[in-house]
């Protein structure tokens, strides 16, 4: 293990590591544009220069592997001067159109100018080179060549991550520019990532462009609900509605504007697929269900729950315990599914379609999986893939009058066309029941036959855990409020359990504690220890098994 | 130090008004002298026409060049709106009264323009920060300050009302910090009668929300 001294601190480092990787780990700040941990090293921006003793010149820390006895300094006057010069060159022909630039507020040029440069341009603004503004690279990405600093992050992304190579550097020297190869549109399924990794405003998202300025946004770390991979993402939403809005009084209190990939080496590195990136639009695809639909006086969810419980109890009394069942979906959180299973005393299933066959199957080599539900593995861990036979089995039992009353919780898939054939079957299932409660997010025509329809909080509107295909438990935090009187399913279920005489908190952490006690897959998993990057439930059990074997 | 008792001041010297009048030699003669002042002023006003007052609101005084009245959105030389929807004014606004929705401008050199630019005049505190923050001098203030309206929606000024209205023509522009180095051009309906800028009252605007909230409470 080579020993290295970084800013007067000595570290033991495994061989092969570069200086910037160590600096990132130990929290030493080194400015950079072209270096990104997941796309390969270029060394073109000259921002990460550091001084190494006994080397005559400054070296780029992103491309210099650590060797034995290195003495590195990151903040000497020589280094700071070099960074200032690098910034001066990068900003030489920069248009400084920050007021109309979408990146402004989160632009690395702005940040490093304020932190490291602070110079006055020696180049008259009138003589700056003009280049092409706002050209479409593909359906999701726009390029502004004036703002580009040629760090080639986007080029290396298409070359090393997606292996498609659409984006290239054309021409040489001062005439170099980022372009798409041969006019072929940049439309691979991961194209939106170049917007995330672009450190300046050169690449902007056509979807997010001009919607809102970045400083109005508040980031909430969450998990993509688009498929069983469970990519980590940051949801950027308005902390307050722009220009007002009354907190707690209006649904406009929060609106999701974009989602950005969050780095998690074990799941998605830094990437998101375009479908997942835009999946938050699915919540706006149909009109949202604002209030419960039922006959009678009660008009709130809380007012309806006692009547629902009484009806289920009377069915149980008349036709036996088996006559009441629940149907969740693999888009509900672990907490909601667990409480629902408790309320229906194990008479519960979650399989709507082909989740079980597809949740492990890859759609491509990078991230996407065929099962478009985020929590199939979690539902399996909770023991919901039992003998009831999924939605089809429940429908047959309902048609043969074995099941009389059901609670159906349906959350639409965030990716895809909305599963029309499943909806037809759900409608048939509702038609075969005496008493049916549907908790769902949107106004769907197929719920017309249901006795009671309850508004439910959807993805990004409730806090809970999802378990991805590999058994990794990850927390999806709620970013915005559900519209109208909608409630998260786990809080409705905790109230139902309260009516049934089992007092349980509606706090996801408390519910997960119960899950960890009862479900073998989550033994030893602590909600507070899951953290922003998730925790592999399987790994924990493997460690436990080894300990037992020893 | 005033002595107090139970929080109230006690033993404070009081003024005996009639005693003071006697001391100051107030008499009937001083009353007539006061009337003399009134009548001489009446005669100067009526006969010499030297009036210190004006018939407000039919007449009004000329306000300062730095008067901070209702805002004006300025235009480019071709009559199109100068605003690039950078949200600087909305960001700095302490009253949060500016609501902007940006859209893609057909000219890529300009890039951005406001599809919607509403100022809620009932919220505005006329501090002029928006004018200071504007990098384009696209928003300046006028010398107009009348805000009477029959309902709340009329006080929500959209782009068209902010660009041109009778009050601007009558009173002229007010606070423009960059003057005289750059002169803001104000839309003139006579020279360019049409300006293709959509302007509607957005129902999501805070004023409307606030109104619906009040109705809900009643």
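Nothing in this text is a laboratory measurement; each read-out follows from the coordinates by a stated rule. Since this is a predicted model, take the numbers as computed values, not measurements.
Report the relative contact order of the stretch A:395-521, percent, no decimals, based on alpha-carbon pairs under 8 angstrom and at least 6 residues apart. About 16 percent, as a whole number.
Each part gets one Cα centre, and for the stretch B:77-129 versus the stretch A:433-498 those centres are 39 Å apart. Normalised by the number of residues in the stretch A:301-549, the mean separation of alpha-carbon contacts (under 8 Å, six or more apart) gives a relative contact order of 20 percent. Nearest 10 degrees is fine. How inclined is helix A:508-518 to the longest principal axis of chain A, computing both from alpha carbons? It is inclined by approximately 70 degrees.
One Cα centroid belongs to the stretch A:165-196, the other to the stretch A:376-412; the line between them spans 48 Å.
Once you keep just the Cα pairs under 8 angstrom separated by 6 or more residues, what percentage relative contact order results for the stretch A:1-87? Relative contact order here is 36 percent.
Quick one: pull the percentage of alpha-carbon pairs in the stretch A:301-549 with a separation above 26 Å. Looking at the stretch A:301-549, the distances longer than 26 Å represent 37 percent of pairs. With q set to 0.13, 0.21 Å⁻¹, the log10 of I(q)/I(0) for the stretch A:3-90, from the Debye formula over equal scatterers at the Cα positions, is -0.37, -1.00.
Measure out, as a whole number of angstrom, how far apart the alpha-carbon centroids of the stretch A:81-154 and the stretch A:27-50 sit. With the stretch A:81-154 and the stretch A:27-50 each reduced to a Cα centre, they are spaced 17 Å.
Beta bridges from DSSP with both residues in chain A: antiparallel share about 65 percent, rounded to the nearest 5.
Average projected area of the Cα convex hull of the stretch A:324-426, in nm²?
Computed as one quarter of the Cα hull surface, the answer is 6.4 nm².
Axis of helix A:301-319 versus longest Cα principal axis of chain A: the two differ by about 50°, to the nearest ten degrees.
Angle of helix A:537-549 to the longest C-alpha principal axis of chain A, folded into 0 to 90 degrees and rounded to 10: 80°. The alpha carbons of the stretch A:434-515 stretch over 37, 30, 26 Å along the principal axes, in descending order. Normalised by 2.2 N^0.38 Å, with N the number of residues, the alpha-carbon radius of gyration of chain A equals 1.12.
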